[in-house]
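The values are calculated or read from the model by the stated rules, or taken from the named source; none is laboratory data. Since we're looking at a predicted model, the values are computed, not measured. Note that we place each Cβ from the backbone using ideal geometry, even for glycine, and neighbour counts take in every protein chain shown. Ligands, DNA and RNA are stripped out before the accessible areas are found, and what is left, the full protein with its side chains, is counted by its heavy atoms. Shrake-Rupley method; radii C 1.70, N 1.55, O 1.52, S 1.80 Å.
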Amino acid sequence: MEQQEIIVKFNALQEEGRKIEEQIGMINQQIGEFQVLLLSLDKIEEKGEILAGLGKGVYVKSEIKEKELFVNIGNNIVLKKSNSETRKIVESQIVQLDEVKQHLLREIEKINLQLRFLVEMAEKSGGGETG
């Protein structure tokens, strides 16, 4: 394999790795948001009040009058769920996100192996020309 070809493949793999790392970052952010949501569900059970977000970082202290929650289950379909049912949904979503994250981490490992292989090839082909 020629040096130029190695460089092109190396750059392509680096770019692919960068994109995967961005996806992992977004997944970590989503997992963090779900974990905060779980804490909020705990507070509903404990205190009966929460800080409700109005948007753009503005919150209002709210008393919980009804224990059932309205949960968007997808396609803008909203269903009433209990706190425990909601917790199970959120925990399931965290598990699914973590599985995707683990898959992406394995992809990063494969890319790193390919990058090391290309570096070795570049060193060998470069070393052969000077010997």
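Just give me the residues in region 58-81 being open to solvent by 60 Å² or more (accessible area, probe 1.4 Å) and in a loop (DSSP other than H, G, I, E, B), in sequence order.
Of everything in region 58-81, those that are open to solvent by 60 Å² or more (accessible area, probe 1.4 Å) and in a loop (DSSP other than H, G, I, E, B) turn out to be K65, E66, K67, E68, I73, N75, N76, I77.
In region 8-27, which residue that is without any contact (Cβ under 8 Å) to a residue 60 or more places away in the chain and under 26 Å from the mean Cα position of the chain (by Cα) is farthest from V90 (Cα to Cα)? Give the steps one after another, and end with the answer.
Of region 8-27, the ones without any contact (Cβ under 8 Å) to a residue 60 or more places away in the chain are 8, 11-12, 15, 18-19, 22, 25-26.
Checking the rest, the ones that are also under 26 Å from the mean Cα position of the chain (by Cα) come to 11-12, 15, 18-19, 22, 25-26.
On the way: N11: 38, A12: 36, E15: 32, R18: 28, K19: 26, E22: 23, G25: 19, M26: 17 Å.
For region 8-27, the residue satisfying everything is N11.
If you check every pair at least six apart or on different chains, which have Cβ atoms under 8 Å apart with a residue in region 28-41 that is under 13 Å from V71 (Cβ atoms) first and a residue that is of a type in the set (D, E, K, R) and part of a helix (DSSP H, G or I) second?
So the pair list comes out as L41/R87.
Is it fair to say Q3 is surrounded by 11 or more Cβ atoms within 10 Å (Cβ to Cβ), closer than 30 Å to L115 by Cα, under 19 Å from the mean Cα position of the chain (by Cα) and touching a residue at least 60 places away in the same chain (Cβ under 8 Å)? Even if it seems obvious, please write down each step before you answer.
Working: surrounded by 11 or more Cβ atoms within 10 Å (Cβ to Cβ): yes; closer than 30 Å to L115 by Cα: yes; under 19 Å from the mean Cα position of the chain (by Cα): no; touching a residue at least 60 places away in the same chain (Cβ under 8 Å): yes.
Criteria not met by Q3.
Test each condition in (1) modelled with pLDDT of 90 or more; (2) open to solvent by 90 Å² or more (accessible area, probe 1.4 Å); (3) not β-branched (V, I, T) for E85 and report the one that comes out false.
(2)
Got a sec? Which of L41, L97, L104 is within 30 Å of E123 (Cβ to Cβ), part of a helix (DSSP H, G or I) and either open to solvent by less than 60 Å² (accessible area, probe 1.4 Å) or hydroxyl-bearing (S, T, Y) (or both)?
The match here is L104.
Among the candidates E123, E107, E99, which residue alone is acidic (D, E) and touching a helix residue (DSSP H, G or I) at 6+ places or on another chain (Cβ under 9 Å)?
On the way: E123 fails: touching a helix residue (DSSP H, G or I) at 6+ places or on another chain (Cβ under 9 Å); E99 fails: touching a helix residue (DSSP H, G or I) at 6+ places or on another chain (Cβ under 9 Å).
Going through E123, E107, E99 in turn, the sole match is E107.
I'd like to check something: does region 17-32 contain any residue that is aliphatic (A, V, I, L, M) and not in a helix (DSSP H, G or I)?
No, region 17-32 contains no residue that is aliphatic (A, V, I, L, M) and not in a helix (DSSP H, G or I).
Quick one: which of L97, L79, L51, L104 is within 27 Å of M26 (Cβ to Cβ) and modelled with pLDDT under 90?
Numbers: L97 fails: modelled with pLDDT under 90; L79 fails: modelled with pLDDT under 90; L104 fails: modelled with pLDDT under 90.
Criteria check complete, one pass: L51.
Residue check, L113 against (1) hydrophobic (A, V, I, L, M, F, W, C); (2) without any contact (Cβ under 8 Å) to a residue 24 or more places away in the chain; (3) over 24 Å from E33 (Cα atoms); (4) open to solvent by less than 70 Å² (accessible area, probe 1.4 Å), all met but one. Which one?
Tallying (1) hydrophobic (A, V, I, L, M, F, W, C); (2) without any contact (Cβ under 8 Å) to a residue 24 or more places away in the chain; (3) over 24 Å from E33 (Cα atoms); (4) open to solvent by less than 70 Å² (accessible area, probe 1.4 Å), L113 fails exactly one: (4).
Please enumerate the residues belonging to region 82-109 that are in contact with a strand residue (DSSP E or B) (Cβ under 8 Å, 6 or more places away or on another chain) and among the hydrophobic types (A, V, I, L, M, F, W, C).
Selection gives I89 alone.
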